[in-house]
Amino acid sequence: MAAGGTAARPYRRIATEEAWISAELLALYQGMLKEGSAGHPCFDSLWRRYGLGVSERCIAVRERMLDLGARRIGDMDAAGIDVQILLLTTPGVQLLDAETAIALAAVSNDQVGQAVKAHPDRFAALAAIAPQAPQAAAKEPERAVTRLKLKGAVINSHRRGEYLDDRKFWPIFEAAEALHVPIYIHPNTPPPDMIGPLLARGLDGAIYGFAVECGMHLLTIMASGILDRFPKLRMVFGHGADRVLSAMDYPYQYVPQEVAAMERMPLSDQDKKAFFQSNAESVFKL
């Protein structure tokens, strides 16, 4: 049970945007960084520090991201988090060739599914998919949801500058609506034709660039007719929405005192329950 367990409060604390990575994907990222083969400034901006950095913090982030067991649960207990919803870290498999991405998404989903099975009271997870192969990306959630008991799918926003309002991606939304599970759009660093002035000013990442990039993606989806075509579709947008969910963004952000600070928000127990628990339970059917 999390520190300051649920017996002391009328709600669970569910953190909804918590990153993990497989050893195989981390090795691919590190190889791409060393070789300069990603061909994408947003990837280098996002991952060079955490992928290759030798500082104590960078090493700790990598180690925590790889762990789906005792260390992660210990950190959750120390922070007072009851449940993490696990997302394969951005940009997921989206920079890889389609064949590799499809295979690695499936293997990653199997791995995180095993972690959920081993710790069902502490973890839930969303499926990684490969939007560069839309038909395969539309099929993987069915396997992940029905066989692995995952709670939806995560897409790390644009795919090399391509956005999901393009109709070739719509089978993914059709599949999610049919399964009654959400699509989580996690931010990415802006694509090459957007990143320039942000990168030059150090604003390309989570401090600002994520919100700019993901906010634009939200507007493109709203304007495209997707929500009219799929009226029962549920979507979650990281770093900006109306119905707010609690998240720590572990392990990029890990300050155990953060949850205690959130508890001091001037909200009623009912509103805190919605923030920490009920909204997440409703969206992800926990």
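What follows draws every value from the coordinates through simple rules; no lab data is involved. Nothing here was measured: the structure is a model prediction, and the numbers come from that model. Backbone-built Cβ (ideal geometry, glycine too); neighbour counts: all protein chains shown.
Taking every DSSP beta bridge that has both ends in the chain, the antiparallel portion is near 5%.
Candidate cross-link partners of residue 232 among the lysines, defined by an alpha-carbon separation under 23 Å and a same-chain spacing of 8 or more, comprise 139, 149, 151, 168, 285.
Given the choices (1) 18.1, 52; (2) 32.3, 100; (3) 18.0, 62, Rg and Dmax of the Cα atoms in Å derived from the coordinates of this structure is entry (1). Counting only whole DSSP H helices of the chain, the ones at least 20 Å long by C-alpha along their axis and with mean Kyte-Doolittle hydropathy no lower than -0.5 are 98-118, 209-224. Dividing the summed helix terms, -39500 (n - 2.57) for each DSSP H run of n ≥ 4, by the number of residues in the chain produces a 222 nm estimate of -14000 deg cm²/dmol to the nearest 500. Using the beta-carbon distance between residue 263 and residue 30 and R0 = 30 Å, what value does 1/(1 + (r/R0)^6) give for FRET efficiency, to the nearest 0.05? For R0 = 30 Å, the calculated efficiency reads 0.20.
The simple Förster model, with R0 at 25 Å and r as the Cβ-Cβ distance, assigns residue 229 and residue 143 a FRET efficiency of 0.55. Full extension of the chain between residue 56 and residue 162 yields a length gain of 34.6 nm, computed as 0.36 nm times the residue separation minus the alpha carbon distance. Once the Kirkwood radius over Cα pairs is known for the stretch 1-136, the Stokes-Einstein relation at 4 °C and 1.567 mPa s delivers a diffusion coefficient of 81 µm²/s.
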